[in-house]
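To start, the structure under review is shown below, and the notes come after it.
The numbers here are math on the coordinates, done by the rules we state, and not lab data. If you're wondering where the values come from, they're calculated on a predicted model, not measured in any experiment. Positions of Cβ are generated from backbone atoms using ideal geometry, with glycine treated the same way; all protein chains shown enter the neighbour counts.
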Amino acid sequence: MKKIAVFVSGGGSNLQALMDAITDGYIKDASIVVVVSNKKEAYGLERAVKSGIDTLFLDPKDFKNAQEYDKNLAEKMNALKIDIVCLAGYMKILKPIFLEVFKGKVLNIHPALLPSFGGEGCYGLHVHEKVLEAGVKVTGVTVHFVDEGADTGPIILQKTVEVSDEDTPESLQKKVLKYEHESYKEALKYVVQDRVSINGKKTYIKPSGKI
């Protein structure tokens with residue numbers, strides 16, 4: 001049974017999608033044992049409580065710097081024997097001190113097709129604004145492992161979403177969000193099943209039945 005921690009800073013709709021995927025049996029042999037947030041009022045924490053999942057709020061103000069924050073966070077995740085960390089709208093950049101402990105075990109979802117429209121400042125509506133400004137005809141979703149860069153880790157899977165002439169940042173965000181929920185649970189399923197291997201910047205997904 002794989003133990004999963006989900007980190008949130010806001011509403012947690014992707015968290016909900018992952019919780020539902022485990023509850024309905026789409027993802028087997030895994031459980032979300034804790035939902036972590038750097039924001040006390042994050043609605044994702046309330047979602048967890050409603051589902052009977054433990055929560056952890058760590059206030060950045062209680063630590064002298066981000067390094068100490070992530071060191072404490074890593075210690076707490078180790079104490080819980082966490083196997084996989086899923087970032088679901090977590091608005092803090094994880095420091096090397098955390099990533100070294102959970103190398104190849106941290107997943108993130110990004111509302112665009114990386115490596116385009118990623119990096120510093122590319123979050124929320126800003127991503128979709130940049131997509132529309134660029135005039136591309138397709139955008140999409142990327143689920144990737146987290147490394148020490150910003151949106152630069154090995155890509156697990158991507159799905160495309162058509163951009164229409166009538167799209168606004170808000171309408172595009174809604175279109176992409178549906179695919180976020182589908183993509184994240186699919187990628188997590190592969191990782192839980194130990195079907196994803198990493199070689200440099202590339203990942204390989206083993207076919208089902210050949211684990």
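Checking the structure you have, find out if any residue of region 157-174 is under 19 Å from Asn38 (Cβ atoms), of a type in the set (S, T, N, Q) and more than 13 Å from the chain's Cα centre (by Cα).
Looking only at region 157-174, we keep the residues that are under 19 Å from Asn38 (Cβ atoms), and these are none.
No; the residues of region 157-174 include none that is under 19 Å from Asn38 (Cβ atoms), of a type in the set (S, T, N, Q) and more than 13 Å from the chain's Cα centre (by Cα).
Restricting attention to region 131-147, does a residue exist that is more than 17 Å from the chain's Cα centre (by Cα), farther than 30 Å from Ser31 by Cβ and charged (D, E, K, R)? Can you show your working first?
Taking region 131-147 as the starting set, the residues that turn out to be more than 17 Å from the chain's Cα centre (by Cα) are 131-139.
Right, trim to farther than 30 Å from Ser31 by Cβ and you get 131-139.
Still in the list and also charged (D, E, K, R): 133, 137.
Yes: one or more hits.
Of everything in region 150-173, what is of a type in the set (A, V, I, L, M, F, W, C) and in a loop (DSSP other than H, G, I, E, B)? Give them in sequence order. Steps first, please.
Step one: filter region 150-173 for residues of a type in the set (A, V, I, L, M, F, W, C), giving 150, 155-157, 161, 163, 172.
Result: Ala150, Val163.
Any chance you could count how many residues in region 150-171 are touching a Pro at 6+ places or on another chain (Cβ under 9 Å) and touching a residue at least 40 places away in the same chain (Cβ under 8 Å)?
The number of residues fulfilling the criteria is 2.
Of all residues in region 108-149, which are outside any loop (DSSP other than H, G, I, E, B), of a type in the set (D, E, K, R) and free of Cβ contacts under 8 Å to residues at least 40 places away in the same chain?
Here is the first cut: in region 108-149, the residues outside any loop (DSSP other than H, G, I, E, B) are 108-110, 125-134, 138-145.
Now restrict to residues that are of a type in the set (D, E, K, R): 129-130, 133.
Scanning region 108-149 gives Lys130, Glu133.
Please indicate, with yes or no, whether at least one residue in region 84-92 is assigned to a helix (DSSP H, G or I), under 19 Å from Leu177 (Cα atoms), touching a residue at least 12 places away in the same chain (Cβ under 8 Å) and not polar (S, T, N, Q).
Our first condition is that a residue be assigned to a helix (DSSP H, G or I); within region 84-92, this holds for none.
No: zero hits.
With the requirement that a residue be of a type in the set (Asp, Glu) and surrounded by 13 or more Cβ atoms within 10 Å (Cβ to Cβ), what does region 170-211 give you?
As a first pass, look at region 170-211 and keep what is of a type in the set (Asp, Glu): 170, 180, 182, 186, 194.
Glu180, Glu182, Glu186 - these are the residues of region 170-211 that are of a type in the set (Asp, Glu) and surrounded by 13 or more Cβ atoms within 10 Å (Cβ to Cβ).
Within region 34-87, restricting attention to residues that are small (Gly, Ala, Ser) and in contact with a helix residue (DSSP H, G or I) (Cβ under 9 Å, 6 or more places away or on another chain), which residue is nearest to Phe7 (Cα to Cα)?
To start, the set of residues in region 34-87 that are small (Gly, Ala, Ser) comprises 37, 42, 44, 48, 51-52, 66, 74, 79.
Now drop any that are not in contact with a helix residue (DSSP H, G or I) (Cβ under 9 Å, 6 or more places away or on another chain), which leaves 37, 44, 48, 51, 66, 74.
Working: Ser37: 6, Gly44: 9, Ala48: 11, Ser51: 16, Ala66: 16, Ala74: 12 Å.
Out of the qualifying residues, it is Ser37.
Go through (1) surrounded by 21 or more Cβ atoms within 10 Å (Cβ to Cβ); (2) out of contact with any Ser or Thr (no Cβ under 9 Å at 6 or more places or on another chain) and name the single condition Glu68 misses.
Checking Glu68 against (1) surrounded by 21 or more Cβ atoms within 10 Å (Cβ to Cβ); (2) out of contact with any Ser or Thr (no Cβ under 9 Å at 6 or more places or on another chain), the one that fails is (1).
Could you tell me how many of the residues in region 11-37 are surrounded by fewer than 18 Cβ atoms within 10 Å (Cβ to Cβ) and part of a loop (DSSP other than H, G, I, E, B)?
The number of residues fulfilling the criteria is 6.
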